[in-house]
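Below you'll find the structure, written out as structure tokens, and then a few comments.
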Amino acid sequence: MREYKLVVLGSGGVGKSALTVQFVQSIFVEKYDPTIEDSYRKQVEIDGQQCMLEILDTAGTEQFTAMRDLYMKNGQGFILVFSITSQATFNDLMELRDQILRVKDSDRVPMVLVGNKCDLEDDRVVQKDQGTKLAEQWTCSFFETSARKKINVDEVFFDLVRQINRSMPEKDKNKDKKKKCTIL
């Protein structure tokens, strides 16, 4: 079974933990408790393939930025989350993406841009077309989600796994296949 290391990033309070817990345990965490770092594992089937997802839910606060380089280096795919109710959380993602590309030493890394809290339409500050334009600029996927109402939550994680699969060199894909068949 293939393992995937996914990293959830974004400013404090955007709903990174709520999205992750909703995906892994199908529950909505109402209370905001700032995360230092939590790791979750979930086995899922994506496109007929069994996958083990290791999801790192990261701190949104500035005091833990020293840990970022390490998990960026180890992560295979990244979910960059902002809240549609806060322009600052949207703006913060530029620096995070730049850091990921620098640490990975690549200009293409599997990534999904997520505008969370789409159930709070009346409090919207970041328009959907802003997210769409940024995703086009970054050539990555964009989803608006609601951890509370479980809107597009699974889709975000599944899309990221598919991106990782597409970005894998053919030789690595074949390695997985070769393990299965042995000629006697």
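The values are calculated or read from the model by the stated rules, or taken from the named source; none is laboratory data. Model, not experiment: these values are computed from the prediction. Glycine gets a Cβ as well: all are built from the backbone with ideal geometry, and neighbour counts include every protein chain shown. For accessibility, only protein heavy atoms count, side chains too; no ligands or nucleic acids. Shrake-Rupley method; radii C 1.70, N 1.55, O 1.52, S 1.80 Å.
Annotation note: Cβ proximity below 7 Å between a residue of the range 41-52 that is in contact (Cβ under 8 Å) with a residue 24 or more places away in the chain and a residue that is exposed (fewer than 12 other Cβ atoms within 10 Å of the Cβ) and aliphatic (A, V, I, L, M) (sequence gap 6+ or interchain) occurs for GLN50/MET1; CYS51/MET1; MET52/MET1. The set of residues from the range 120-157 being touching a residue at least 40 places away in the same chain (Cβ under 8 Å) and hydroxyl-bearing (Ser, Thr, Tyr) comprises just one member, THR145.
Considering every residue within the range 4-26, establish whether at least one is more than 16 Å from the chain's Cα centre (by Cα), open to solvent by less than 80 Å² (accessible area, probe 1.4 Å) and hydrophobic (A, V, I, L, M, F, W, C).
Keep residues of the range 4-26 that are more than 16 Å from the chain's Cα centre (by Cα), which gives 25-26.
Now drop any that are not open to solvent by less than 80 Å² (accessible area, probe 1.4 Å), which leaves 26.
Applying the additional criterion that residues be hydrophobic (A, V, I, L, M, F, W, C) yields none.
No.
Among the residues of the range 36-50, is any among the aromatic types (Phe, Trp, Tyr) and within 16 Å of GLU155 (Cα to Cα)? Among the residues of the range 36-50, not one is among the aromatic types (Phe, Trp, Tyr) and within 16 Å of GLU155 (Cα to Cα), which makes the answer no.
Can you find a residue that is in contact with a strand residue (DSSP E or B) (Cβ under 8 Å, 6 or more places away or on another chain) and crowded, with 20+ Cβ neighbours inside 10 Å anywhere in the range 28-49?
First, pick out the residues of the range 28-49 that are in contact with a strand residue (DSSP E or B) (Cβ under 8 Å, 6 or more places away or on another chain): 35, 37-45, 49.
Among the residues that remain, those that are also crowded, with 20+ Cβ neighbours inside 10 Å are: none.
No, the range 28-49 contains no residue that is in contact with a strand residue (DSSP E or B) (Cβ under 8 Å, 6 or more places away or on another chain) and crowded, with 20+ Cβ neighbours inside 10 Å.
Considering the range 137-175, the residues that are at pLDDT below 95 and part of a loop (DSSP other than H, G, I, E, B) include one that is farthest from the chain's Cα centre (by Cα), namely PRO169.
Just the residues that are out of contact with any Ser or Thr (no Cβ under 7 Å at 6 or more places or on another chain) and crowded, with 19+ Cβ neighbours inside 10 Å, please, taken from the range 119-137.
So the first thing to find is which residues in the range 119-137 are out of contact with any Ser or Thr (no Cβ under 7 Å at 6 or more places or on another chain), and the list is 121-122, 126-134, 136-137.
Passing the criteria: VAL126, GLY131, LEU134.
All conditions in (1) crowded, with 16+ Cβ neighbours inside 10 Å; (2) at pLDDT 95 or above; (3) under 16 Å from the mean Cα position of the chain (by Cα) hold for ILE84, with the sole exception of (3). Evaluate the range 123-135: report whether one residue or more is out of contact with any Pro (no Cβ under 6 Å at 6 or more places or on another chain) and modelled with pLDDT under 95. No - not one qualifying residue is present in the range 123-135. Taking residues in the range 86-112 that are without any contact (Cβ under 8 Å) to a residue 12 or more places away in the chain, and partners anywhere that are assigned to a loop (DSSP other than H, G, I, E, B) and open to solvent by 40 Å² or more (accessible area, probe 1.4 Å), the pairs with Cβ atoms closer than 8 Å and at least 6 places apart or on different chains are LEU101/ASP107.
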